[in-house]
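*Asks:* To start, I am sharing the structure in question, which I have written as structure tokens.
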Amino acid sequence: MTTFDTGERTALVTGGASGIGLATVHALASDGWKIVVADRDVKETVKADLGKAHPGRIRFAQVDVTDEHAVGALMAETEAGFGPIRGIVCSAGIGRDTPFFDTTADMFRQIHEINVIGTFLVTQAGARIMAASGGGAIVNLASISGMRGNIGRAAYGASKGAIINLTQVMAVELAPYHIRVNAIAPGPVETPLAAAVHTPEIREGWSKTVPQRRYGQPEEIASTIAFLLDENRSSYVTGQTLAADGVFTAGGLIG
Ligand code: NAD
């Protein structure tokens, strides 16, 4: 049962300056949320575009999600400027494709530092505020690489698998505080990250193994995140990882 006013809503979107996070900011603003875009690299063009599209609804914070003190300050500033935080989307993340034997401990640490520890720091600090003010919802960005043994994804896939389990534990422990926690596991999505990481061979591989025979668009992931964040639409859904992947994980033999 909802314990807070769902009319006046503030969300924090990490990685909100690019790709899936940016599309999510647009989707949430259209749904009436006020949003803080928290990203380590917010370009002036992105600021201008978002400000124009959603006047008065967006604030920007340049923050590295692995910096515990900066994350704490971000939560306090968000609450002071925009009121209680009711939604958090953790889209800040990095990826790379490296064969298992070539994966170094440093690569593994860097990916886990941002994808896992960054998500942990942001959601723990944000959930404390939500718990004290009646509840809210969190959506973490996992990946189908956290559900399957995709080639070259030893470090990245392990980080996303960790996010899936973190999501489950948080959902259980935070249910008494009226906080729902879900994850979304996208398949390949056309974003700057995919453009940087996916070689022509990888693109061909995805086009053969995704039954819908295409990459997803950031907007298709964003609308699903908006659903999971919305107390009025998904109030009994928590602890889940929803694959948005053109049937990849449900598939078997495909023609
Ligand atoms: P993207 O590179 O377009 O956007 C990621 C954003 O995160 C960038 O704006 C970047 O500046 C920010 N960021 C990175 N490290 C940060 C840090 N330490 N602190 C603050 N901000 C930081 O990538 P995307 O494709 O939109 O990916 C978003 C999320 O979705 C990631 O977690 C990614 O793993 C996940 N994902 C992407 C795909 C895909 O195919 N694109 C598939 C599955 C999952």
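*Asks:* Take the conditions under 19 Å from the mean Cα position of the chain (by Cα) and buried (at least 20 other Cβ atoms within 10 Å of the Cβ) and apply them to Val181. Does it pass? Even if it seems obvious, please write down each step before you answer.
*Replies:* Values: under 19 Å from the mean Cα position of the chain (by Cα): yes; buried (at least 20 other Cβ atoms within 10 Å of the Cβ): yes.
So Val181 passes the test.
*Asks:* Go through (1) within 16 Å of the ligand (Cβ to nearest atom); (2) at pLDDT 95 or above; (3) out of contact with any Gly (no Cβ under 7 Å at 6 or more places or on another chain) one by one and return the number of the condition Ser235 breaks.
*Replies:* Among (1) within 16 Å of the ligand (Cβ to nearest atom); (2) at pLDDT 95 or above; (3) out of contact with any Gly (no Cβ under 7 Å at 6 or more places or on another chain), Ser235 violates only (1).
*Asks:* Hey, among the residues in region 132-177 that are more than 16 Å from the ligand (Cβ to nearest atom) and not in a helix (DSSP H, G or I), which one's farthest from Pro84 (Cα to Cα)?
*Replies:* Ranking the candidates gives Ala137 first.
*Asks:* Can Thr119 be described as among the hydroxyl-bearing types (Ser, Thr, Tyr) and farther than 29 Å from Trp33 by Cβ?
*Replies:* Details: among the hydroxyl-bearing types (Ser, Thr, Tyr): yes; farther than 29 Å from Trp33 by Cβ: no.
For Thr119, the condition - among the hydroxyl-bearing types (Ser, Thr, Tyr) and farther than 29 Å from Trp33 by Cβ - is not met.
*Asks:* When Tyr236 is evaluated against the numbered criteria (1) assigned to a loop (DSSP other than H, G, I, E, B); (2) under 19 Å from the mean Cα position of the chain (by Cα); (3) within 20 Å of Asp31 (Cβ to Cβ), which criterion, by number, is the only one it fails?
*Replies:* Against the list (1) assigned to a loop (DSSP other than H, G, I, E, B); (2) under 19 Å from the mean Cα position of the chain (by Cα); (3) within 20 Å of Asp31 (Cβ to Cβ), Tyr236 comes up short only on (2).
*Asks:* Does Ala196 meet the test of being assigned to a helix (DSSP H, G or I) and within 16 Å of the ligand (Cβ to nearest atom)?
*Replies:* Details: assigned to a helix (DSSP H, G or I): yes; within 16 Å of the ligand (Cβ to nearest atom): yes.
The answer is yes for Ala196.
Results for (1) in a helix (DSSP H, G or I); (2) over 20 Å from the mean Cα position of the chain (by Cα); (3) more than 10 Å from the ligand (Cβ to nearest atom); (4) within 23 Å of Asn182 (Cβ to Cβ), shown as yes or no for each residue.
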site	(1), (2), (3), (4)
Val89	no, no, no, yes
Phe101	yes, yes, yes, no
Thr123	yes, no, yes, yes
Gly126	yes, no, yes, yes
Met130	yes, no, yes, yes
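*Asks:* Sticking with this one: Restricting attention to region 215-246, which residues are exposed (fewer than 13 other Cβ atoms within 10 Å of the Cβ) and in contact (Cβ under 8 Å) with a residue 24 or more places away in the chain?
*Replies:* In the first step, residues of region 215-246 are kept if they are exposed (fewer than 13 other Cβ atoms within 10 Å of the Cβ); the result is 232-233, 236.
Of everything in region 215-246, just one residue is exposed (fewer than 13 other Cβ atoms within 10 Å of the Cβ) and in contact (Cβ under 8 Å) with a residue 24 or more places away in the chain, namely Asn232.
*Asks:* Still on this structure, I have one more. What are the residues in region 71-105 that are at pLDDT 95 or above, surrounded by fewer than 17 Cβ atoms within 10 Å (Cβ to Cβ) and not β-branched (Val, Ile, Thr), if any?
*Replies:* Gly72, Ala73, Pro99, Phe100, Phe101, Asp102, Ala105
The values are calculated or read from the model by the stated rules, or taken from the named source; none is laboratory data. Since the model is a prediction, treat every value here as computed from it, not as a measurement. Every residue, glycine among them, receives a Cβ derived from its backbone with ideal geometry; neighbour counts consider all protein chains shown.
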